[in-house]
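Notes follow the structure.
The values are calculated or read from the model by the stated rules, or taken from the named source; none is laboratory data. Owing to the predicted nature of the structure, the values given are computational and were not obtained by experimental measurement. When we count neighbours, we look across all protein chains shown, and the Cβ atoms used for this are built from the backbone with ideal geometry, even at glycine. Calculation scope for accessible area: heavy atoms of the full protein, side chains included, ligands and nucleic acids excluded. Shrake-Rupley method; radii C 1.70, N 1.55, O 1.52, S 1.80 Å.
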Amino acid sequence: SLAEGKRGNVHILLAEDNPINQKVAISILRKFGDNTEIAENGAEAIKALQKAPFDIVLMDCQMPVLDGYAATGQIRNQASGALNHKIPVIAMTANAMEGDRERCIQAGMDDYVSKPINPEQLLEALHRQLHIKETNAKQEGQTHVVEEVRVPFAPEVLLDRLDGDRELFLELIQEFMEHLPNQLAKLQDALNAKNSGILIEIAHTLKGSSGNLAFDQLNHYFAEIEKTVKQDTLEPVKVLLSKIEASILQLNDIIASEADKSMRGD
């Protein structure tokens, strides 16, 4: 169909600095073909848009060098050198706080999705902005709903995000778990030094990664660290780090079980 053909030729620019978030998003975006390019920050996004025509931009709001809000402002500026100043920009933010949507719209963005990335919400936003009619949309009432109960890991949610790709599923989990001890050590050092900026930066990154991997407990704890430090309160961080260590022990058992399932082909 015309819609399917258009969807397969979409040239997408993904502005996202977190490697795990990049891989999750690209897995979802395969429904639009393999024509997605990555920019590590807003400045790289501007350069990419100056060099090549894209159909749409997925813009993370919090990035180093140049954040998504400032980058979108430059895209809309006729003097920026972007080939298309009116290109649709979909904001992606992990904050999901009241007023975030309004801030995105004021910055010149066209749409908004929250993190952790929900495949259906992201695809719906792409369909809206690209004016593609979704012919295979799920019927009302069949949408997958994530329960509010925070469990250490919801593997079925991550598999759904990755469209059932178990190889990528295990790759992303392994990548996150390999880097986690070093990140936690940095968090502890920042806490000892009372360095709020580093605490917020690391907690925000880990919040995004753990959320997209459906590590619900870790996502909650890292979000709490980010929130409490922004409120100039460091005391709860020590308790939260202890809870994180306990959650990791539970996670290791669940991950081992999932790895066994993959080996058995379950």
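Odds and ends about this structure:
- Matching residues in the range 153-198 - criterion: being part of a helix (DSSP H, G or I) and of a type in the set (Lys, Arg): Arg161, Arg166, Lys186
- When every residue of the range 6-20 is checked against the conditions, at least one turns out to be buried (at least 17 other Cβ atoms within 10 Å of the Cβ) and of a type in the set (Lys, Arg).
- Failed item in (1) in contact with a Lys or Arg (Cβ under 8 Å, 6 or more places away or on another chain); (2) modelled with pLDDT of 95 or more, with Ala71 passing the rest: (1)
- Filter result for Leu2 (modelled with pLDDT of 90 or more and aliphatic (A, V, I, L, M)): no
- Selection count where residues are of a type outside the set (A, V, I, L, M), at positive phi and open to solvent by less than 80 Å² (accessible area, probe 1.4 Å), scope the range 208-266: 1
- With respect to the conditions (1) farther than 19 Å from Glu201 by Cβ; (2) more than 14 Å from the chain's Cα centre (by Cα); (3) not basic (Lys, Arg), Ile26 falls short on a single one, namely (2).
- Some residue of the range 149-168 being more than 16 Å from Ala259 (Cα to Cα), open to solvent by 70 Å² or more (accessible area, probe 1.4 Å), touching a Ser or Thr at 6+ places or on another chain (Cβ under 7 Å) and at pLDDT below 95: yes
- One residue stands out in the range 224-244 among those that are assigned to a helix (DSSP H, G or I) and touching a residue at least 40 places away in the same chain (Cβ under 8 Å): the one that is nearest to Gly211 (Cα to Cα), namely Ile244.
- Which listed residue is farther than 21 Å from Asn252 by Cα, open to solvent by less than 30 Å² (accessible area, probe 1.4 Å) and at pLDDT 95 or above, from Leu199, Leu180, Leu184, Leu172: Leu199
- Among (1) closer than 15 Å to Ile117 by Cα; (2) surrounded by 15 or more Cβ atoms within 10 Å (Cβ to Cβ) - the single one Arg30 does not satisfy: (2)
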